[in-house]
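Engineer: Once you've had a glance at the structure underneath, I'll fire off some questions.
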Amino acid sequence: MERSWQRWLIRFAVFIVMAIICIPGLWIVMTAFRDNVEVMARPPVWIPERWTLDNFRAILGMSESQQGIPVARYFLNSVIISVTSTVLAVLIGMMGGYAFARYRFKGKNVAFLWLMLSRTVPGISLSLPVFMIWSRVGLIDTDFGVILVYLALNIPFTIWLIDGFFRQIPLSLSEAAQVDGCTRWQAFWKIEFPLAKSGIASAGIFAFLTSWNEFALASQLTRTTASKTLPVGLMDFTAQFTVDWTGMCAMAVIIIVPALILTFIVQKHLIAGLTFGGVKG
Amino acid sequence: MRFFRSRLSPPILLLMPAFVIIALVVAVPLLFSLYTSFTGYRLVKPDSLWQWVGLRNYQRLLSDVDFWWAFGRTLVFLTVALNLELVLGLCIALLIDKLTAGQRVIRTIMMFPMMFSPILVGFQFKYIFNDNVGLVNNAIQSLGWSDVTIPWLVNPVTANLAILMAEVWMSTPIFAILLLAGLMAMPRDPIEAAKVDGCNPWQVFRHITLPYLMPFVYIAMAIRSLDVARAYDMVKIMTNGGPAGRTELLWTLIARTGYQDARMGMANAMSYASILLSVYFTVYFFRKLAAARRTMGGVA
């Protein structure tokens, strides 16, 4: 009897924890589909009485009543910037990870240390000099300027993760392939790459999430619709004293959905990527 | 081509792109900002970039009360947040480990906050703690506990607590997920043996489970320490340092000094303090991680 009593207590505690994790997000989603009047209603309306897409229409500029914020344009910028910087970061991360995992060279540990240290610089601290230099060389408010910065943010972590995965693969495998007549290049694509796939996938996801969600640097390096990303665009809704709650919630949903879908597709690799890449390295 | 091949070894070539980009985006700008921190550079007066003032910015910083408040608050904030995240994450991981079913679903749910942009988390809690339309006040009033609208984000104490809560909400699941992975990978034999030898559950936890989990704790901390400054995003959208600078963290102060007051020289001096702080946290946890790996002898 005592056993089942304990089990229910544990289930209840887990339920509370899950509720705390889920409720804030659900509240945002519900507000996104809510009528604007309901937000201010007294007494509060918990579950929307009428689910509506008006808020999405409004922020996408499809309704007459409200001037739209160029969300579609921000979305496009975000996609271009995140995808480009992720693909490049993974490629460069594979090269770097392979170098760290498979070669001995002078200054290896020092190089690795500096790589990681470069990642720790707070975004806002880095933004000051980058802002000054970028505005002199004309990279402010360009996709390329932001992509370059995100590449530098993502490379250290991708190298760290991918390095950990390459190291788990026994060297003898690729050596055997080379004895059988493969070049080192062929051996990499036939042996090491397929085996480290899940690590590379998780590195890619982390790089994508970092770029997709970054705010501190983007908010200073972008100015107009030419390069503004979604997180920066979210600030468009906060006027001095008023906040467009439903609009912001709709935009929040637009920001979170792609990240959500992508993460669920590869979630299996994510945990493995974090733990094994880190511990065994 | 042949010349390059003979001179540069493969690892150097492979690492070249990474280091070129990091040099361009991080190293060179940081050298530039180090220089700027010795000038009285103001954004509105481009000529002042060449106005060398020596250590004046740093001297002023040392006697700047606002700076020390922000610095102290940042330090306290990080210490409290990281410890809280670790303890809560450990509790959640232990709870979920005890579950007999549904672990996978729950682990998936816990990934939810990881995908959120920090600015989104900030917005979410700004909305929840809003005095007029927020979920918390709505709930309190509906339950009849109180009729007053509590201005959570206007009161300095509750505003700081709200920011702390946002931070903990966002990062605790990462700790829980990583520690749960550690618990699941843990061999059961030593625990059984200890139980046979008469250890109580606390002793088992203290002397077997916890030491085994330590590498996982340090991985979580190391990953987390790479990105401590993201609290900037949350504070920026939730209170923007207000009321009256009571939630100002080092990072928001840097942004305010640099961009709003346009005192770039001063802001760069401050940002060096923030960089040292971040480097300290990272080096500390990476060292712990390396030490833990060595004592585990590659078991974990």
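Engineer: Can you pick out the pairs among A:106/A:197; A:228/A:268; A:197/A:268 whose Cα atoms lie more than 23 Å from each other?
Structural biologist: Beyond 23 Å between Cα atoms: A:106/A:197; A:228/A:268.
Engineer: OK, next. Would you kindly compute the Cα radius of gyration of region A:86-138 and its largest Cα-Cα separation (Dmax), both in Å?
Structural biologist: 14.8, 40
Engineer: Classify chain A: rounded, prolate or oblate, from the alpha-carbon gyration tensor (a ≥ b ≥ c, eigenvalue square roots; a/c under 1.5 rounded; otherwise prolate if a/b is larger than b/c)?
Structural biologist: Oblate is the answer for chain A, as a/c is 1.5 or above yet b/c matches or exceeds a/b.
Engineer: Which shape class, rounded, prolate or oblate, goes with region B:15-106 when its Cα gyration tensor gives a ≥ b ≥ c as root eigenvalues, a/c under 1.5 marks rounded, and past that a/b bigger than b/c marks prolate?
Structural biologist: Since a/c reaches 1.5 but b/c is at least a/b, the shape of region B:15-106 is classed as oblate.
Engineer: For B:21, B:150, A:28, A:261, what ranking results if the residue with the fewest other Cβ atoms within 10 Å of its Cβ goes first?
Structural biologist: A:261, B:150, B:21, A:28
Engineer: Within 10 Å of each residue's Cβ, count the other Cβ atoms and sort A:51, B:145 from fewest upward.
Structural biologist: B:145, A:51
Engineer: May I pose another question? If you count, for every residue in A:218-227, the Cβ atoms of partner chains within 10 Å of its Cβ, what is the mean?
Structural biologist: The shielding value for this peptide is 1.
Engineer: Only Cα pairs within less than 10 Å get springs; with that Gaussian network setup on chain B, which residue of B:104, B:230, B:56 has the largest fluctuation?
Structural biologist: Comparing B:104, B:230, B:56 in a Gaussian network model of chain B, the most mobile one is B:104.
Engineer: Okay, next question. Could you tell me which of A:165, A:101, A:269 has its Cα farthest along the dipole of region A:71-279 towards the positive end, charges placed at Cβ (Lys, Arg +1; Asp, Glu -1), taken about the Cα centre?
Structural biologist: The Cα lying farthest towards the positive end belongs to A:101.
Engineer: Per 0.36 nm of contour for each residue apart, how much would the distance between residue B:202 and residue B:290 grow if the chain were fully extended, relative to their Cα-Cα spacing?
Structural biologist: Full-extension gain reported as 28.9 nm.
Engineer: So for each of A:33-40, B:84-91, A:225-232, A:169-176 I average, over its residues, the number of other beta carbons within 10 Å; can you give me the resulting order with the highest mean first?
Structural biologist: Sorting A:33-40, B:84-91, A:225-232, A:169-176 by mean packing, highest first, produces A:225-232, B:84-91, A:33-40, A:169-176.
Engineer: Work out the mean other chain Cβ neighbour count within 10 Å for the residues of B:139-149 and drop it here as an integer.
Structural biologist: Mean partner-chain Cβ count within 10 Å for B:139-149: 1.
Engineer: Viscosity 1.002 mPa s, temperature 20 °C: Stokes-Einstein D of the protein assembly as shown from its Kirkwood Cα radius, in µm² per second?
Structural biologist: Estimated diffusion coefficient is 84 µm²/s.
Engineer: With N residues in region B:173-293, what two-decimal value do you get for its Cα radius of gyration over 2.2 N^0.38 Å?
Structural biologist: Compactness ratio reported: 1.54.
Engineer: Same structure again: For A:268, A:106, which order do you get if you count the other beta carbons within 10 Å of each Cβ and list the fewest first?
Structural biologist: Starting with the residue having the fewest Cβ neighbours, the order is A:106, A:268.
Engineer: Apply the Karplus curve 6.51 cos²θ - 1.76 cosθ + 1.60, θ = phi - 60°, to the phi angles in region B:111-116 and return the couplings in whole Hz, x for Gly and Pro.
Structural biologist: 6, 3, x, 4, 7, 6
Engineer: Ok, one more. Per DSSP H run of at least 4 residues, take -39500 (n - 2.57); add these up for the protein assembly as shown, divide by its residues and hand me the 222 nm value, nearest 500 deg cm²/dmol.
Structural biologist: -22500 deg cm²/dmol
Engineer: So which aspartates and glutamates can residue B:45 reach, going by Cα to Cα under 14 Å and dropping same-chain residues fewer than 8 places off?
Structural biologist: B:261
Engineer: Also, I was wondering about something else. Once both labels are modelled 7 Å past Cα along the beta-carbon direction, what's the residue B:68-residue A:87 spacing in nm?
Structural biologist: Output for this residue pair reads 5.3 nm.
Engineer: Still on this structure: Hey, what do the phi angles of region A:14-28 turn into as Karplus ³J(HN,Hα) couplings, whole Hz, using 6.51/-1.76/1.60 and θ = phi - 60°, x for Gly and Pro?
Structural biologist: Once θ is set to phi - 60°, the couplings for region A:14-28 become 4, 4, 4, 4, 5, 4, 5, 6, 8, 4, x, x, 5, 4, 5 Hz.
Engineer: Now a separate question. Under a crude label model (7 Å from the Cα following the beta-carbon direction), how far is residue A:9 from residue A:264 in nanometres?
Structural biologist: 3.5 nm
Engineer: Same structure, new question: Which three extents, in whole angstrom, do the alpha-carbon atoms of region B:67-296 cover along their principal axes, largest first?
Structural biologist: Result, largest extent first: 65, 50, 27 Å.
Engineer: What angle do you read, to the nearest 10 degrees and between 0 and 90, between the alpha-carbon axis of helix A:267-279 and the longest principal axis of chain A?
Structural biologist: The helix A:267-279 is inclined about 50 degrees to chain A.
Engineer: Working from Cα positions, state the angle (0 to 90°, nearest 10) between the long axis of helix A:143-168 and the longest principal axis of chain A.
Structural biologist: It is inclined by approximately 50 degrees.
Engineer: Using modelled backbone amide H atoms (1.01 Å from N, in-plane), which distant-in-sequence or interchain residues come within less than 5 Å of residue B:39's amide H?
Structural biologist: B:53
Engineer: Could you calculate the contour length gain from residue B:52 to residue B:23, that is, 0.36 nm times the residue separation minus the distance between their Cα atoms, to one decimal place in nm?
Structural biologist: So the extension gain works out to 7.9 nm.
Engineer: So which helices of chain B fit the span-like rule, where a helix is a whole DSSP H run, its Cα atoms reach 20 Å or more along the axis, and its mean Kyte-Doolittle is at least -0.5?
Structural biologist: The qualifying helices are B:65-98, B:156-185, B:210-225, B:264-296.
Engineer: What residues from region A:174-196 fall in the zone where the backbone N is under 14 Å from a label point 7 Å along the Cα-to-C-beta line of residue A:103?
Structural biologist: Label zone hits: A:184-185.
Engineer: Return the average number of partner chain Cβ atoms within 10 angstrom of each residue Cβ along peptide B:118-131.
Structural biologist: 6
Engineer: Another question, then. Taking the Cβ-Cβ separation of residue A:197 and residue B:148 as r and a Förster radius of 56 Å, what is the calculated FRET efficiency to the nearest 0.05?
Structural biologist: With a Förster radius of 56 Å, E is 0.50.
No lab work stands behind these numbers, since they all come straight from the coordinates. Just so it is clear, the structure is predicted and the values come from calculations on it, not from any experiment. Here Cβ is always computed from backbone atoms with ideal geometry, including for glycine, and neighbour counts include all displayed protein chains.
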